[in-house]
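Here's the structure, in structure tokens; my notes come after.
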Amino acid sequence: MSKKYVEMTERELESMIEEAARALKEKQQGKRKEVLSQMKQLAASIGVAVEIIDGPSAAPGRKGRKVPIKYRNPDNLAEQWSGRGVKPKWLQQLLAHGRKLEEFEVAS
């Protein structure tokens, strides 16, 4: 470790780190703006219009909704199924033993 850093107080070191982090962020933002500008210029040079969305975007697709349960294992109330997707193993086993799906329906 450099002698100059050893002689600095913790607060001085923290201040130096914060200043360096700010400087790094400013450089990265400047570089980002430069690259985005170049991308727009390149697209315009071939007659293409582009829209650059700056920042994180939400994932495409539907937002998940909580689906109410339709079936519940009477022997273990924690085991539930909404009726969507593959039947859970607990239900498959009960049906394989001759039980009926209607037996496990949850009252609405």
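Only helices enter this figure: runs of n ≥ 4 DSSP H residues, each worth -39500 (n - 2.57), summed and divided by the residues of the chain, yield -14500 deg cm²/dmol at 222 nm to the nearest 500. With each label modelled as a point 7 angstrom along the Cα→C-beta vector, the GLU26-LYS100 pair spans 7.6 nm. Report, ordered by chain and residue number, the lysines lying within cross-link reach of LYS33, taken as a straight Cα distance under 30 Å and ignoring same-chain residues fewer than 8 apart. Straight-line reach from LYS33, under 30 Å: LYS25. Relative to the dominant Cα principal axis of the chain, helix 10-45 is inclined by about 80°. Across every pair of non-identical alpha carbons in the chain, the mean reciprocal distance, once inverted, gives a Kirkwood radius of 21.2 Å. Peptides 33-41, 95-103, 1-9, ordered by how many other C-beta atoms sit within 10 Å of their residues on average, highest first, read 33-41, 95-103, 1-9.
All of the numbers you see were taken from the coordinates with simple rules; none came from a lab. Keep in mind that this is a model prediction, so the values were computed, not measured. Positions of Cβ are generated from backbone atoms using ideal geometry, with glycine treated the same way; all protein chains shown enter the neighbour counts.
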